[in-house]
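Since the structure comes first, as structure tokens, the remarks are kept for the end.
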Amino acid sequence: MIEQGLTRRVKRFLLLVIVPAVMLGVNVPPAWSWISELRHQRLINSQEYKEKFGKWDVVELPDDQKVNAIHAAVLPTGRILLIAGSGNKEDMFNAGTFKSLVYDPATGRSRVVPTPDDMFCSGHTFLASGNLLVAGGTQRYERLDGAVTNAAGGVTVKNENPDAPVRSFPAGTEFRSPEGLVYRSTHPFEVKPATKVATRRGATVTASETVVFAEAVEPGPRYVAVGPRQYVINGVPPGEEQNLYALGQGMTLEKQDYQGIEETYEFNPYTEAYERVGDMVFKRWYPTLTGLADGTVISVSGLDGTGEVLNGQNEIYDPATRTWTERKDLTQYFPTYPALFQTAREDVLFYSGANAGYGPAEQGRVPGFWNLRNNVLTPIPGMRDPDLLETAGSAWAGPVQEQRVAVVGGGGVGESPRSSARIDTIDLDSPNPTWQPGPMLPEGTRYPNLTTLPDDTMLISNGSRDYRGKGASDNHNARIYRPQTNTLDYAADPQVGRNYHAASLLLPDGRVMTVGSDPLFNDAAGTIPGTFEQRIEIFTPPYLFKGPQPTIADSPPTAPLGDTLTVATPDAPRIATARLMAPMASTHVTDTGQRSIALDITKRDGGVSFTVPEDPTIAPPGRYMLFLVDDRGVPSVAKWVEIPAPGPLEET
Ligand SMILES: [Cu+2]
């Protein structure tokens, strides 16, 4: 129907271009592809098409503003923070050149902001203040098999003396093995005193432990050490050697993985600057940060300072003191970037099984509840393609009150070429939560970007069939998932392919922005090294082609839990729903903060009123985008509203 109008134009084209071209001996197939491209452009730009399937537009930033957007977040100013750090470029890392960009989708303007550390592959989540907590990043790039010249490995520095002060050791500190071989720490480290706990019989002393990466002072296999060793630390006086020493499990010439850092920052969206806060207890690369209902944040998993997956050491950030505290009582192993969500039950997290990066296939791969009160993990198996959860996407499907999680796509562990097209959902509120099969994506999809929209649908876009887009396997497609009917609708095709290191964000005007992609290769044969995708693409969903957006004339700046508020709008008669949507902060298909809170509205003269949910597990403190949605599903431009942290209980 839409294409009928082209017929005359095509005939004219045939007459004017093809016939003379044939007579002149010009290659005809390119001319034909030009026609089909013309038809395609006419089609995707037609009102009828856009109203049904939406539209994508590519945005190119000026050269000096281009960044490798590995991390992306919507700031409560409406601007976008893109963090590259060293951007998965080792030369940038070696030069100490780290980048972040603030981009304003309303004006198209952008600004490079000073970036004090390599936040490449850190974890992040928003705090109640509207600051973005960014923790961890890169201490050292990986060294592949064959590239390792000096034997190296992790050593654990132990201090058994509870009375010694904290001691700082510089990079290059030497560790001497029983054989007399010397290894040097690659980075500075700090050793804390042992802890001493009084008991009935006296006191129990527990040695402090600091994990340090050390490498042989000379290249060659002579320094390979098989099996455990105790090392003497250079600079420790002989009398102290029994108390302060290092233990290692061996020194090898094998592949060395990326290493993490402990540095933590709050990015202040109002000053657009990073503020250094307390270090994490553990160095982490690929950690997940999940905001809890009380406004604190848990940091889970990641590779440590030696490139090993952390063995279940987790810690909690308190925004009031800006410090991290290890929680030995919450020791729980997960693969890197585990997708962990705060459920409607206090102190209960849900692990969707989705993860990205590192860890053995047999450990920590089954989804389930993690109860933080007793540290019990209750697995919930039964999802389709349970072995294809690495690089899967997961998010709340529909309003968070419905407690339904969707798990989309994913692939085999490591560089497996296998991928899944599955969309499975689970209702966490049900007395016996079980996985429900949903529709299938058109293709197997690693790295799908999941964006919940104000009309309760979910945009699923991009990704690739194979590991990091290998074999030209980018999926240039998008779908809109409807949790209410468990169905999938076609959406317009994005132009830019996106696989690893990509993200999507819901913008305050109801559009969706996608960034990043870090293919292994640029060609199908896998011979040309890949280049990082720096173009932005913006999806205008079908609802924005259905007529004018309702407007919010005025809204209260804060929305305390349980309060009833009124929002002024000239469009009150046609407003159907209202949603508070948490700003997204996404990396490695992980965004634990994305949530849409349904508000029951009452129409009033010149406005609508609603009551904010009472439960901070449903509405954790933070800055939210308030959307009003009309009876045709068209959302307003959002207004920012703060849900303040619940204050201390009043005495009565
Ligand atoms: Cu990464």
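A few notes on this one:
- Test result for LEU580, away from the ligand (no atom under 16 Å from the Cβ), within 22 Å of ALA339 (Cβ to Cβ), part of a strand (DSSP E or B) and in contact (Cβ under 8 Å) with a residue 24 or more places away in the chain: yes
- Residue ID - nearest to the ligand (Cβ to nearest atom), chosen from residues in region 275-334 that are among the basic types (Lys, Arg) and in a strand (DSSP E or B): ARG284
- Residue, farthest from ALA95 (Cα to Cα), within region 113-129, restricted to residues that are of a type outside the set (Ser, Thr, Tyr) and assigned to a loop (DSSP other than H, G, I, E, B): ALA128
- PRO381 meets the conditions (1) loosely packed, with under 15 Cβ neighbours inside 10 Å; (2) under 20 Å from PRO616 (Cα atoms) in every case but one. The failed one is (2).
- Any hit, region 270-293, residues being of a type in the set (Lys, Arg) and surrounded by fewer than 22 Cβ atoms within 10 Å (Cβ to Cβ): yes
- Hits in region 424-442 - residues which are touching a Ser or Thr at 6+ places or on another chain (Cβ under 8 Å) and assigned to a loop (DSSP other than H, G, I, E, B): LEU428
- Any hit, region 81-92, residues being more than 16 Å from the ligand (Cβ to nearest atom) and either modelled with pLDDT under 95 or more than 18 Å from GLU533 (Cα to Cα) (or both): no
- Leading residue by the ranking (nearest to the ligand (Cβ to nearest atom)) among those in region 335-362 that are of a type in the set (S, T, N, Q) and in a strand (DSSP E or B): ASN355
- Out of ALA478, ALA502, ALA472, ALA492, one residue alone is within 25 Å of ASN88 (Cα to Cα), among the aliphatic types (A, V, I, L, M) and touching a strand residue (DSSP E or B) at 6+ places or on another chain (Cβ under 7 Å). It is ALA502.
- Considering only residues in region 489-501 that are touching a Gly at 6+ places or on another chain (Cβ under 8 Å) and in contact (Cβ under 8 Å) with a residue 60 or more places away in the chain, the one that is farthest from the ligand (Cβ to nearest atom) turns out to be ALA492.
- Single residue of region 160-184 satisfying the filter (touching an Asp or Glu at 6+ places or on another chain (Cβ under 8 Å) and assigned to a strand (DSSP E or B)) that is surrounded by the fewest Cβ atoms within 10 Å (Cβ to Cβ): SER168
- Selection within region 294-312 - surrounded by fewer than 22 Cβ atoms within 10 Å (Cβ to Cβ) and either in contact with a Phe, Trp or Tyr (Cβ under 6 Å, 6 or more places away or on another chain) or at negative phi (or both): ASP294, THR296, GLU308, ASN311, GLY312
- Positions within region 528-559 being of a type outside the set (Asp, Glu) and either within 16 Å of the ligand (Cβ to nearest atom) or within 20 Å of LYS89 (Cβ to Cβ) (or both), in sequence order: ILE528, PRO529, GLY530, THR531, PHE532, GLN534, ARG535, ILE536
- Whichever residue in region 505-527 is of a type in the set (D, E, K, R) and away from the ligand (no atom under 16 Å from the Cβ) and, among such residues, is farthest from the chain's Cα centre (by Cα): ASP523
- Per-region count, region 540-565, residues without any contact (Cβ under 8 Å) to a residue 60 or more places away in the chain and surrounded by fewer than 16 Cβ atoms within 10 Å (Cβ to Cβ): 5
- TYR265 meets each of the listed conditions (1) of a type in the set (Ser, Thr, Tyr); (2) more than 23 Å from GLY153 (Cα to Cα); (3) touching a strand residue (DSSP E or B) at 6+ places or on another chain (Cβ under 6 Å); (4) part of a loop (DSSP other than H, G, I, E, B) apart from (4).
- Exactly one residue out of ILE618, ILE597 is of a type in the set (A, V, I, L, M), within 30 Å of VAL348 (Cβ to Cβ) and not in a loop (DSSP other than H, G, I, E, B): that is ILE597.
- Here TYR141 meets the list (1) surrounded by fewer than 23 Cβ atoms within 10 Å (Cβ to Cβ); (2) under 30 Å from VAL512 (Cβ atoms); (3) within 16 Å of the ligand (Cβ to nearest atom) almost entirely, failing just condition (2).
The values are calculated or read from the model by the stated rules, or taken from the named source; none is laboratory data. Just so it is clear, the model here is predicted, and its values are computed rather than measured. Positions of Cβ are backbone-derived with ideal geometry, glycine not excepted, and every protein chain shown enters the neighbour counts.
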